[in-house]
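Working notes for the structure below.
Values quoted throughout were computed directly from the atomic coordinates according to the rules given, and no laboratory measurement underlies them. Just so it is clear, the model here is predicted, and its values are computed rather than measured. Glycine also receives a Cβ, built like all others from the backbone with ideal geometry; neighbour counts cover every protein chain displayed.
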Amino acid sequence: MALQAQPEPGNASADTTPAEPFLLEDLRGNVLWLTLNRPGQRNPLSSGMITALRTAMAGAADNPAVRVVVISGAGSMFSAGHDLREMQRQAGESPEAHRQRVRQVLDDCASMMLGIVHSPKAVIARVHGTATAAGLQLVSACDLAIADEQTRFCTPGVNIGAFCTTPLVGVGRNVLRKHALELALTGDMFGADDALRFGLINKVVVAGELAAEVEQLAAKIASRSAQAIRLGKEAFYRQVEMPLEEAFRYATEAMLAGLMTADAAEGTTAFLGKRKPVWGEA
């Protein structure tokens, strides 16, 4: 059910705290915690934030100590999407220069989202407050998402005379078309239960349990074979867009390759021997 409160269509304030890092990084065990660090501006996906996220995800991909990445937002919300002031035409800027600058932000954002999807590490979104527009796109790019019961979601482009076309790329691959278009055509806020029903998130928890729930999930995934997750995640995202027969052919070869790995041999031996497996590096 859509909430009737009018959503804020995105971040309307330019970043005013350049001395602070856009992204906080905290490696605990094998889990890398990434926190969007512009709470005063509602954690916008500005060009600086996009660059920080893309850099952090590339670093995580190359770091064997990282097995899971968790993305969250500082302060009262996850992310309000693109910085609307950054997307506006600036004083003295020509229409063509404005167009090219905004295109670059959108291209960089798409590249960052693809970096999450194609990351060899599992990526979890820990969502609270609100996730709107490109902020919701970020949730959709993550492999898993958990939100607390107070979280709200929307794609509010129509409320400012635009349309959340790029957020719908990810959202439309998470949910049924009619749910995606209900979000985009109304611009309404939807609650966490609706997001769960739509398929945008995996689980809704009470607000006080969100951190513990995500920590438990991240630790569970981090205890699995990093090699299996790397190969399996890549195969899943490739085959899910293929026609059925092609998907089976591709998945059969991917499954065969996975079963021939050292971790598969170790896991099978450990299971039969009733002991805990010792995984290799990804």
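So how much slack lies between GLN90 and VAL240, counting 0.36 nm per residue of separation and subtracting their Cα-Cα distance, in nm?
49.9 nm
Counting only Cβ charges, +1 for Lys and Arg and -1 for Asp and Glu, the dipole size of the stretch 226-272 around its Cα centre is about 80 debye. Axis of helix 47-62 versus longest Cα principal axis of the chain: the two differ by about 10°, to the nearest ten degrees. Compared with the dominant Cα axis of the chain, that is its longest principal axis, helix 177-186 is turned about 20°. With the simple spin-label model, which puts each label point 7 Å out from Cα in the Cβ direction, the PHE271 to GLN104 separation comes to 5.1 nm. GNM on the chain, alpha-carbon springs under 10 angstrom: the most fluctuating residue among LEU32, LEU200, LEU84 is LEU84. Charge dipole of the stretch 145-191 (Cα centre as origin; +1 on each Lys and Arg Cβ, -1 on each Asp and Glu Cβ, all else neutral): 240 debye, rounded to the nearest 20.
Charge dipole (Cα centre; +1 on Lys/Arg Cβ, -1 on Asp/Glu Cβ; no other charges) of the stretch 2-222 amounts to roughly 420 debye. Taking all Cα pairs closer than 8 Å and separated by 6 or more residues, the relative contact order of the chain comes to 18 percent. As a rough guide to protection, the peptides 92-103, 62-73 ranked by mean Cβ packing within 10 Å, highest first, stand as 62-73, 92-103. Taking +1 at the Cβ of each Lys and Arg and -1 at the Cβ of each Asp and Glu, which of GLY161, SER119, ALA147 sits farthest along the dipole of the stretch 2-222 towards its positive end, judged by Cα position relative to the Cα centre? Selected residue: SER119. Over the residues of the chain, the helix contribution to mean residue ellipticity at 222 nm works out to -14500 deg cm²/dmol, using -39500 (n - 2.57) for each DSSP H run of at least 4. Taken one residue at a time, the phi angles of the stretch 214-225 give Karplus couplings (6.51, -1.76, 1.60, θ = phi - 60°) of 5, 4, 5, 5, 4, 5, 4, 5, 5, 7, 8, 5 Hz. Gly and Pro are set to x.
Farthest toward the positive end of the dipole of the stretch 169-282, out of LEU210, GLN227, ASN174, is the Cα of GLN227, where the dipole comes from beta carbon charges about the Cα centre. Where both bridge residues fall in the chain, DSSP classifies roughly 30% of the beta bridges as antiparallel. Relative to the longest principal axis of the Cα atoms of the chain, the long axis of helix 165-174 makes an angle of roughly 30 degrees. Evaluating 6.51 cos²θ - 1.76 cosθ + 1.60 at θ = phi - 60° for every residue in the stretch 30-37, the Karplus couplings come out as 9, 10, 9, 9, 10, 10, 4, 10 Hz, glycine and proline recorded as x. Distant-in-sequence amide contacts of ALA122, defined by a placed amide H-H separation under 5 Å and a gap of 5 or more residues or a different chain, comprise VAL69.
Highest average first, the peptides 186-192, 262-268 ordered by how many other beta carbon atoms sit within 10 Å of their residues are 186-192, 262-268.
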